[in-house]
Structure formats: C-alpha cells, structure tokens
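To start, the structure itself, in structure tokens.
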Amino acid sequence: MIDRATVEKILDATEIVDVISDFVTLKRRGANYIACCPFHNEKTPSFSVSPSKGIFKCFGCGKAGSAVTFVMEHEQMTYPEALKYLARKYGIEVHEQEESAEDTADRLKRESMIAVSEFASRFYADALFNTAEGHSVGLSYFRQKRGFSDETIRKFGLGWSPSGRSFAGEPAAATLPRTALQNGYKAEYLLSTGLCYEHGGELVDKFRERVIFPIHSLSGRVIAFGGRTLREDKTVAKYLNSPESDIYHKSRSLYGIYFAKSAIAREQKCYLVEGYTDVISMHQAGIENVTASSGTSLTTDQIRLIKRFTNNVTVLYDGDAAGIKASLRGINMLLEEGMIIKVVLLPDGEDPDSFARSHTRQEILDFLSEHETDFIEFKYDLLSSTIERDPIRKAELIRDIIDTIAVIPDQIARSVYIEQCAQRLGMKEDVLFAEVARVRRKRIESGQFEQRRREEAAARRAAAEDAVRAADGEDGRGYGAPAAGDSAYGQDNTGIGPGSGGFRLGAGSIGGDTASVGSPSLAEAAMNPKPLLDPVERELVYYLLKFGEYSMTFDESKIYGAEAPVIRITVAEYISAQLQDDGLELQNPLYRRMFQMYFSFRDQLLEEDSSEAGRDPEVLQGRILRQFVNCQDPQVSVAVVDITEAKYVINVKEYLKSQIPERNTIDRNVPKAVSVYKLKYVEHACSQLMAELGRLQSGSARDVALSGPGQEEQSSAESGQQEIMRKLKALLQAKNMIVRELNRIS
C-alpha cells in the first residue's frame, strides 16, 4: 500500500495542465484552459481545466475531477495505478507500507514473471524484424497474408519465435531460453510462465516456429502469449496459448482490452469478436472499441471486465451457423449481467478479420449500424427456419427465448422483451409473462439466484479489498464519521416528537420506504428516485463543500431553531445540528456519503495540524475540498467538481448576484437552504404516507368486496389508517411552521 506521505508528495507535485496536456491539446482562455473533450465526440470545446483549482470539467458530458481522476478515466486505471503513473512522471519514489514475508515473496514472484514475459515479448518482436527466419516467414505472413501494416504490427507487439536452426544459409538465430538465461532471467520463471518446458534437461521454447500474439493486462503489462503455427501439418495444433499462472487467468482476460478500453469508454460500445486477427484488423481499419475472448468460451469475469467501461455490447458472428449456435450461451451470460446486447451476422464467407480488410472504416460502421439486431430477432431468425409447420419445434423455440429473457435482471427490460417477443411469435403477453415468472421462480427455488448474489458480493468484496491493499491506507479506509441524524436513528422513532423547531421529522414519521436505517446502494437509489429531495440535498452539500468552515453570525432574534443563544456557528456545524435535531439523514446515498466524508476529512486534517493557521477557515476549507477532489472514489470526485463548479450562465440575474460575494450571503442563504430541505422532506414524507393510506384503503375495500374482513383484520386496518392520519396531521403542522419560518428568512 502506498503510504500517505508519498500520496501527498505525488499530489503536491502534480500539475493538472501538465498531466492533461500529455493527452489533449489545451488552449488558454483567460485563467483557464479549454479543449474538445477526450471523453466524448464534440466539435465545440466544452472541456475546461482550471490550474488554480487543480480540476477539470466537461460541460458537455459531465466528466470532472482532478489530475488523478483524469488519468483514471482516460487510461482506465485504478486509483493506485494512477498515483504510480503520476509518480513515474514526476520522478517520485513510491514508498509502500510494510508487507509480510509471504506477501513480499508473492509480489516478487509475480513481478519476476511479468518481467520475463515482457522480455520475451521484446525478444519475439525483435526476432520478427531482425532475423532472416522471422523476416521471411513471420513478417511475410503478417504483411501479405493478413495485410497488417508495420505500425499495426509494432502496436500490438506481434513477433516470431525462432526455431534455433539455420535458415536460408544464415546462422541459427538465438532462441528465447538461451537469450533469457544469458540476460540473467531465471529458469524457474521461464517455466512458471509457460514460455518454456524442460526436455532432456534443457529448456525448450514452447512457441518455437510460431508467430506470436502477446496478451496484455488491463494496464498494458504482457502476461501471456498466443502462438500460431504456419505449417500445414494437421497433426500440429494451429494455436497454442500460455497456461494459467499467477499472472494470467484466461477467464479474467480479454485480448486487446488494453488497446480498446479508452475507445470503449468513449464510444460507450464494445464490439466482441472471437480471435486475435479479428481484433487487430478492426483496429487497423480505425475501429478500436473491439476485444476478443481469444477463442475461449465467454466467462462472467470477462463480461464484468467489459462492464467496467460500458453496458452496450455488439457481438459479431461470421456465417458459420454451427459455430453461432454453440456461442448462444454467451448471449445469455451477457444478458444475465445486465448488458444491453446487439448481434450482427456478417455476410457468408466473411469474418471480422476479412470484412475489416476489405472495407473502409465508414463502410464497416454503416454495415454494423444497419444490421444490428436484438437477441430475440437474432435467435428467431437463426432457429425458426424449420418450425413453421412443426408446432413442437416452435414450442421449443419459444421456451428457448423465454429461458433467455428470464435471466435478465432488470424487470422493465424483461417486460419490454416479453412484449416484443409476443408480437414476433404471435403469442399472448400474459402467457409469456407467466412462463417467465415460472422459470425465474424455479431458479430461485433451486438457489441459483442466491448463489449468484453471493458470488457477486464476494467479487465486490475482493475488488474492494484489492483496491484498499493497493491504495494509500488513509484514503482507502471507511469514512467512520457518523452521519447527521445517526443518533436519532438509533432510537425508536415511532412518531413526530419535539425537536428544535417544535416537531421531529425523523425516519419514523415517514413510513416504510424512507424509514429504513440502512444505506441503499446507488443502484437502488436510481431505481427509487426522490425528485423532491435530490436538488435540495445537493444544495446543502454545495454549502458544506464551499463554506463549511466559514462562520455564520445571527442576532439572537434570528437563531432559527437553535436552543441556546449561539451567536457564531460554522456552516458545517449549523447544517449538521439542524439535521440531527430533527432526526434527518440525506436520502441520496452519494450525498450522504459525501456528508460523512466531509467530517472525516475535517477531523483528520485538524488532527494533523491544529495550529491557528491550520484552523483558518479559508485554508481548512481549501484543504478539505482538495481531499475530496483527489479522493480514491472517482464518483465522489466527479460529483464534488460538478456541484462546486456549476457552468456559469450569463444573464442579468446572475450578473447582479455576482456583484455580491457569495461568502457575504451565507447567513441568510444557508438557513434558507436548510428550511427548504425540511419543507421538501415533509412534502416527500406526506406523499409516502398518502400512498400508504391509499394502499390500505384499497386493500380494505377489496377484502370487503371478496368476502368481508374479519373483525380483527378490520380493526388492524382501521388502526393503521388512523395512525397514518395522525402522522399526516402532525406533518402538515410542521409544514406550516416551516413555511412561516421561510417567510421570515426571505
């Protein structure tokens, strides 16, 4: 793990304009720099870099953050990888925290294996161009047979493995084992990487007399190889691949992902092909968002690797019907991971390699766009040729498509596909809905969903642990500061009790949906948007980030909601106290986490420097904001920049507002923002209770219509309705009080 002092040293040395200029041509405009955004296609520059604040922001696509965030996004690196990249750029030695002897041995072994693999890659590439055998056989194959340019060959590191025998009267070229040993690489790593095997007490190159395709990790390190024989001998395997090792796991690797990741993220689409040459030819044609499963069956880990960059996958198939049918399992796996799938069937006799070599970039893109179909159309067209007069075969096709739809995790997407399937197959929707429900219920009963849930949770935990181990210990820790309202949530809030303003707006007053004390995931939040609360919660976070350590001053008659005549209080203390007094907690998970992180960063910085200078509001606020912008979580970093650096709109109102420093208005604006938040919170709570009341009333009416409720059930329903009415009455009283308070503030 990178120690905190090194992280600070890297961040201090980093100049954001210098870093971004390595990838983008920046033009100065006033105090800032602008450019066309590297993350989306645009003709008018909307990408802005502020050297004074150390941040960038695109007002077109919304990407924003620090120099670290930019490297993470553009190069698809993790937080530790981005820090190490910047450390290398500025010549900073990375100091990592102590590790156990076992950890050290494992790390050194992996590093040695990677070093040997990268040496082998350079050796093979050199042999391709600089030996008679490589030049005549290997290079001719790549140039003439495959049509690869020298630039493409060098980009992908393609090579040749010498046979060790004389060729065309030329002396025998040195083999990999001999050259590696002469350069100090150990035999154990040549064996453990699968580059060599032992025969008669000597090391033999596993890939000898083959053209070489290096396989790169996501960060660009060479971790394995594929070798293709150019012999016509049918007894010799056409392709050989590196075996599984400590650095190479077939199920977690995709060929070409290192070269494709930026394009996939930028285009928000991944073209999935089968082989090495398919990827390379597509790249050479100018289509770079292409990767391959390298001839192996697609795995869940490979799909999740793609999902890091996009949810949109287009699978390219050649005209081999038998091969396509064997590959249909991959479509189900992609759908099960929540991917959006399109399928393209290339013309007869064509594969992605040959098609890319015979068409221009625009012709390829036009063909793919015109011939993309969803998986239902594709499956139906593929499997329906013999079913028109065979009801049994048609029923089998319907069941096959239903089994595919049933794996889709998103309910709305399933419904759309069922409607489409019903139209295509001439079936009733309710029949298909019932059948999909039956299939899903069967999977639940068999434990498949629960097993999948455990696997996903384990994968998330492992990824998080890896990130924490690799990152700076301080930045990687959980943010332990309690959220506003934590103490209130720990109690039994069964109603609206007395609070600072006369009413307590805690979780218990709202009912089932928002009363949960747990923190929903961001995905859950997206499925349950709270449009009333998000804008006002964002405003509270804005004031916290911009002015949290600045003091507010009140006359004693204007201390809104305070229980004591406090004259001076910081913005952060005021917001936190107001929320905690009413038992409130931000409902948006991202904003809630940022709220928690703020106080964690603040405590940490004050612990490091408690001097008067360290407590200066402007200094402390700047340091807290810097911690946010450079934090490990890119989602938080982007949100912070997005919230604090809103695009300036030139109009008379904004111009007049800009004449008064915003710092001078917080005494009025912060209390107003808090009161507006409480008002919206009450309105949200009322809407939740009204919905619950409607459900209870409709349920009671339905029971009466069917058979008439028993006395106990009727009493329980009436009691529930009365309780909701009591809460609604109290909330309306609270709303009236907040409105009066807002009128005083305004």
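When the stretch 175-210 is filtered for residues that are in contact (Cβ under 8 Å) with a residue 12 or more places away in the chain, under 15 Å from SER245 (Cα atoms) and outside any loop (DSSP other than H, G, I, E, B), the ones remaining, listed by number, are TYR189, LEU190, LEU191, SER192, CYS196. Here ALA172, ALA168, ALA132 are screened, and the one residue that is over 16 Å from PRO214 (Cα atoms) and in contact with a strand residue (DSSP E or B) (Cβ under 9 Å, 6 or more places away or on another chain) is ALA132.
Hey, among GLU556, GLU524, which residue is open to solvent by 60 Å² or more (accessible area, probe 1.4 Å), more than 30 Å from GLY338 (Cα to Cα) and at pLDDT below 75? Even if it seems obvious, please write down each step before you answer.
Details: GLU524 fails: more than 30 Å from GLY338 (Cα to Cα).
Answer to the selection: GLU556.
THR277 meets all of the listed conditions (1) over 25 Å from PHE207 (Cα atoms); (2) assigned to a helix (DSSP H, G or I); (3) open to solvent by less than 20 Å² (accessible area, probe 1.4 Å) but one, namely (1). All told, GLU388 meets the bar of being at pLDDT below 85 and either surrounded by fewer than 17 Cβ atoms within 10 Å (Cβ to Cβ) or aromatic (Phe, Trp, Tyr) (or both). For the stretch 129-166, filtering for residues that are open to solvent by 10 Å² or more (accessible area, probe 1.4 Å), part of a loop (DSSP other than H, G, I, E, B) and closer than 26 Å to SER217 by Cα leaves 4. State yes or no: is LEU742 buried (at least 17 other Cβ atoms within 10 Å of the Cβ) and modelled with pLDDT of 65 or more? Answer is no for this residue. Exactly one residue among LYS238, LYS186, LYS206 is basic (Lys, Arg) and farther than 17 Å from GLU118 by Cα, and that residue is LYS238.
Does LEU195 fit the bill of being at pLDDT 90 or above, out of contact with any Gly (no Cβ under 9 Å at 6 or more places or on another chain), open to solvent by less than 30 Å² (accessible area, probe 1.4 Å) and of a type outside the set (S, T, N, Q)? Spelling it out, LEU195 is indeed at pLDDT 90 or above, out of contact with any Gly (no Cβ under 9 Å at 6 or more places or on another chain), open to solvent by less than 30 Å² (accessible area, probe 1.4 Å) and of a type outside the set (S, T, N, Q). In the stretch 211-247, of all residues being touching a Phe, Trp or Tyr at 6+ places or on another chain (Cβ under 9 Å) and not in a strand (DSSP E or B), the one that is least open to solvent (accessible area, probe 1.4 Å) corresponds to SER242.
A quick yes/no check of all residues on (1) crowded, with 20+ Cβ neighbours inside 10 Å; (2) of a type outside the set (Gly, Ala, Ser); (3) in contact (Cβ under 8 Å) with a residue 40 or more places away in the chain:
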site: ASP12; (1), (2), (3): no, yes, no
site: GLU15; (1), (2), (3): no, yes, yes
site: ASP18; (1), (2), (3): no, yes, no
site: CYS36; (1), (2), (3): no, yes, no
site: PHE47; (1), (2), (3): yes, yes, no
site: SER50; (1), (2), (3): no, no, yes
site: PHE56; (1), (2), (3): yes, yes, yes
site: GLY60; (1), (2), (3): no, no, no
site: THR69; (1), (2), (3): yes, yes, yes
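The values are calculated or read from the model by the stated rules, or taken from the named source; none is laboratory data. All of these numbers come straight from a predicted model, not from anything done at the bench. Backbone-built Cβ (ideal geometry, glycine too); neighbour counts: all protein chains shown. With ligands, DNA and RNA removed, areas are computed over all heavy atoms of the protein, side chains included. Shrake-Rupley method; radii C 1.70, N 1.55, O 1.52, S 1.80 Å.
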